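Novice: Sending over a structure as structure tokens; questions will come in a sec.
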Amino acid sequence: MQWSNEASQQGISTTKPPPEIELEFFGPKPGSDGTYPRDKAKAVSGEKLLRSIMQDSKIELYATYGKVMNCGGGGSCGTCIVEASQLQCYLIISSILDGRELLNERTDTENKYLKKKPESWRLACQTIVGNKENSGKVVVQRIPQWKK
């Protein structure tokens, strides 16, 4: 406690920065060169929904229909589906989760819209990234319903 008091008197910050979650987003289909388009973002753990992070980072979230018909994040349309995945060889998206433990559990709304979908599929408007204490990396595929 004495060190903390001395540090604050000397103008040295004694608080740790909040933990961050690193996010990597892959597009739904490979480009002409065979690689999936990628975007990256960071967020303070536990402070934002995945939808907000994507919008703030200008990362495309919706397919054509969803751009026009989304509910604005209210969890009533199911158009903001994403998949938390691990990328293998930078070409093939697998259904093995990477970073799932850094997301909240599926909500009742997600269970309603995604009950017959893989557990790795989430609604971005319902998915909280982090829990204010954890840090790490989450890999997300945008618009997984386009995956073939």
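The values are calculated or read from the model by the stated rules, or taken from the named source; none is laboratory data. Everything numeric here is computed off the predicted structure, so don't read it as measured data. Ideal geometry is used to build each Cβ from the backbone, glycine not excepted, and the neighbour counts take in all protein chains shown.
Novice: Conditions: (1) at pLDDT 85 or above; (2) under 20 Å from CYS77 (Cβ atoms); (3) not small (Gly, Ala, Ser). PRO144 meets all but one. Number of the miss?
Specialist: Every listed condition holds for PRO144 apart from (1).
Novice: A further question on this structure: Just to verify a result, which residue in the stretch 99-113, among those that are in contact with a strand residue (DSSP E or B) (Cβ under 6 Å, 6 or more places away or on another chain) and surrounded by fewer than 19 Cβ atoms within 10 Å (Cβ to Cβ), is nearest to ARG142 (Cα to Cα)?
Specialist: Ranking the qualifying residues of the stretch 99-113, first place goes to ARG100.
Novice: Could you please give the count of residues in the stretch 115-138 that are surrounded by fewer than 19 Cβ atoms within 10 Å (Cβ to Cβ) and assigned to a loop (DSSP other than H, G, I, E, B)?
Specialist: Looking only at that region, the number is 10.
Novice: Restricting attention to the stretch 104-137, and to residues there that are hydrophobic (A, V, I, L, M, F, W, C) and modelled with pLDDT under 90, which single residue is nearest to SER45 (Cα to Cα)?
Specialist: Taking the candidates together, the pick is TRP121.
Novice: In the stretch 26-48, how many residues are modelled with pLDDT under 90 and within 12 Å of the chain's Cα centre (by Cα)?
Specialist: Matching residues across the stretch 26-48 total 1.
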